[in-house]
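One structure is given below, encoded as structure tokens.
The values are calculated or read from the model by the stated rules, or taken from the named source; none is laboratory data. Keep in mind that this is a model prediction, so the values were computed, not measured. Cβ: placed from backbone, ideal geometry, glycine included. Neighbour counts: every protein chain shown. These area figures cover heavy atoms from the full protein model, side chains too; ligands, DNA and RNA do not enter into them. Shrake-Rupley method; radii C 1.70, N 1.55, O 1.52, S 1.80 Å.
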Amino acid sequence: RLPAFDWLLRHGAPADLNREAHDSVLFQLLGRGGNRHAALQRLLDRGQAVGGRGGLSRFLIACQSGEHISRGAEQTALALLERGADAFGSMPGKDPALVLAVRLGWQRLPEALLAQGVDPNSRDARGQPAIHVAAALGREAAVRAMIRAGALPHLRAPDGQTALGMALVWPQLW
């Protein structure tokens, strides 16, 4: 229903207004991920501010759960980041943006997050270091980007494994 959405925007409907305990329209769209790419793009084209705690990770979680892992979705994530989406925060009990980007198999977003200063040693909700996730999934480009940004390959996951140990034991990943 993009024509109706455009009409509302033209007539001043705010996309970032929170009402009572409900998310703003912007955060509802972020929570739908790639399903709402066109509406999100309309807001970005209008210069909509996209700040707010965990906005980027919310979008990435929705992309992952909705299987919207295309380059177009990654481009939207990069546009959100470029326009001020929160690269550091995550939703309570959920993975941070760096881990989500690695899981999605995207290459440009992890590099952009690291360039913005995201901790290369961040951990997912289960305590796995981001580099461990990348090593387990065979995401060589992400591992290299995290190492360049200062990730520690000897950080231990909750099961005691390290990314370095995984690379040594399973060289076929590389």
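Structure notes:
- Screening the candidates 128, 116, 107, 48 for the property of being closer than 25 Å to residue 2 by Cβ and among the polar types (S, T, N, Q) yields one hit, 48.
- Residue under evaluation residue 119, criteria (1) within 15 Å of residue 89 (Cα to Cα); (2) open to solvent by 70 Å² or more (accessible area, probe 1.4 Å); (3) outside any loop (DSSP other than H, G, I, E, B), criterion not met: (3)
- Within the option set 168, 152, 114, 164, being outside any helix (DSSP H, G or I), open to solvent by 20 Å² or more (accessible area, probe 1.4 Å) and more than 17 Å from residue 33 (Cβ to Cβ) holds for one residue only, 152.
- A single entry from 141, 125 fulfils the requirement of being modelled with pLDDT of 90 or more, open to solvent by 30 Å² or more (accessible area, probe 1.4 Å) and farther than 22 Å from residue 85 by Cα: 141.
- Selected residue (criterion: nearest to residue 5 (Cα to Cα)) from residues of the stretch 51-82 that are buried (at least 17 other Cβ atoms within 10 Å of the Cβ) and of a type in the set (D, E, K, R): 58
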